[in-house]
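Here the structure comes first, spelled out in structure tokens, and everything after it is commentary.
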Amino acid sequence: MTSARLSLDPAFVVAPVSRKTFGTFVEHLGRCVYGGIHDPGHPTADEDGFRGDVLQYVRDLGISTVRYPGGNFVSGYRWEDGIGPVEDRPARKDLAWHSTEPNTVGIDEFMRWTEKAGVEPMMAVNLGTRGVQEAIDLLDYTNGEGGSFHSDLRKKNGTEKPYGIKMWCLGNEMDGPWQIGHKTAKEYGRLAAETARAMRLIDPDLTLVACGSSGAEMPTFGTWEREVLEEAYDEVDLISMHAYYWEKDGDLGSFLASGVQMDAFIDDLVASVDHVRATKKATKRINISFDEWNVWYLDGEASKNPETEWPVAPVLLEDHYSVADAVVVGGLLISLLRHSDRVVSASLAQLVNVIAPIMTETGGRSWKQTTYHPFAQASRFAQGNVLRVELQSPTYETAKHGDVPVIDSVATHDPASGDVAVFAVNRSQTESVTIDIDTRSFGPRGAELVEATTLRHDDPYFTVTADTADQVAPEVNDATSWDDTVLKVVLPPLSWNVVRLTAT
Ligand code: AHR
């Protein structure tokens, strides 16, 4: 059996774990909202029409923020359509997803849902078909104390206290030619700066996110960020990045190493952003909101939109995830955590039904996808500081990324509780790997094992349904032993693993 070695040292701190790393995304797209979080006819629906079963899954997932209402959807959205008496709200054509938006759920309903779910909203404004005025109107509606038209309107609609929404996205994927209201970097940069300036006049205490690139493959990647930030550097706090990964042409080896691609994307983006910082001689540092990431079979049937009709809540982007997909999601979480010094916020895209960890039948059953588990474990066990780990691993060759490590890993340590968590993926399709976790830096007796768990399946393509969801879940891994202060753990082929230790 091959082996890998991992040295932990509590002094090698990348950054404190940012809870905002564990955000997700709810877009008015397909059945994410209607039939997903909102389903008044469902037996578990509450007085507001929110599904109780989904709310419970959401709470258990340990989510921090939820981005809303898009996505591509936001670039044509009129937020005023979704307020006031539901029976008076207009239905509109949603050009982004060739659907009809009934506007049954709007900002007030969503905010009620976030309270019930215990999550923080991350609101996006429409900078596609709209601009500064509509953004400040929305901000005044959500955050205004009263005494102005929009803040009084919120009160009239039943919410006395301001929502106090702090995180705002200045548009969505404005670099993408598919975006309604797509702009050049300079045009968008100016609009983002103007919008940010105006929003801060209403509420200076906001975290504002400018749109970065929609993917590393975008032809403008790098120059887009530079040109946008030349206009908006002083006005914004974070820049976004989006990336989706999927297995192409049966090349599982490359797909399993998607984290390598994410690492490079982040490093390249940081270089572009810091280049602007240097040319501006700025002291302020712009960090990253990786506010869309996931596995998404972009070329799969589930993503095809039948553009003949304008359905309400059609089945769209409903990918069903395999065990291999879950291992990739685990690898992407490792990459995000490893970059915690610059990636301070991230959103798994999306939350329910649409490329999501939670699936539902409208009016019926709900279940956890395979990808639910790595996210839930990472959000729960990543506490304290992210540690830079010293990892020696065998490598394997991929068509796409060259030689890559078989094992990838990151660790966290909470100095207050002594809790340590090691997150590791084994990307080998055939070989178990014994990982030697060296804990001697925690003191002469090292650390103690709390529990090791593994998520795997004999068939990497095993995909769960409502009937089989309980067949894939993290299970206790007993293949552990100590050699002095070194813990040996056998990581099965194609697996996501969490090793929890205590170091007091
Ligand atoms: O998450 C699905 C879509 O992917 C979003 O609407 C868009 O921002 C991205 O292209």
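Here, each number is a calculation from the coordinates, and none is a lab measurement. What you see is a predicted model; the values in this text were computed from it and never measured. Using ideal geometry, Cβ is built from the backbone for each residue, glycine included, and neighbour counts are taken over all protein chains shown.
Observations, loosely collected:
- Residue in the range 66-80 that is within 16 Å of the ligand (Cβ to nearest atom), over 18 Å from residue 135 (Cβ atoms) and not polar (S, T, N, Q) present: yes
- For the range 87-116, the set of residues classified as surrounded by 22 or more Cβ atoms within 10 Å (Cβ to Cβ), over 22 Å from residue 206 (Cβ atoms) and among the hydrophobic types (A, V, I, L, M, F, W, C) consists of 96, 97, 105, listed by residue number.
- Residues considered: 120, 101. Of these, the only one that is touching an Asp or Glu at 6+ places or on another chain (Cβ under 7 Å) and either within 26 Å of residue 19 (Cα to Cα) or within 16 Å of the ligand (Cβ to nearest atom) (or both) is 101.
- Residue 125 meets each of the listed conditions (1) within 22 Å of residue 238 (Cα to Cα); (2) away from the ligand (no atom under 16 Å from the Cβ) apart from (2).
- Summed over the range 204-230, the residues that are assigned to a loop (DSSP other than H, G, I, E, B) and either surrounded by 19 or more Cβ atoms within 10 Å (Cβ to Cβ) or of a type outside the set (D, E, K, R) (or both) give a count of 13.
- Checked against the criterion of being buried (at least 22 other Cβ atoms within 10 Å of the Cβ), within 16 Å of the ligand (Cβ to nearest atom) and within 20 Å of the chain's Cα centre (by Cα), the candidates 323, 329, 343 yield just one match: 329.
- Enumeration of residues in the range 5-35 that are touching a helix residue (DSSP H, G or I) at 6+ places or on another chain (Cβ under 7 Å) and within 16 Å of the ligand (Cβ to nearest atom): 27, 28, 29
- Qualifying residues in the range 177-203 (those that are among the small types (Gly, Ala, Ser) and assigned to a helix (DSSP H, G or I)) - the one farthest from the chain's Cα centre (by Cα): 198
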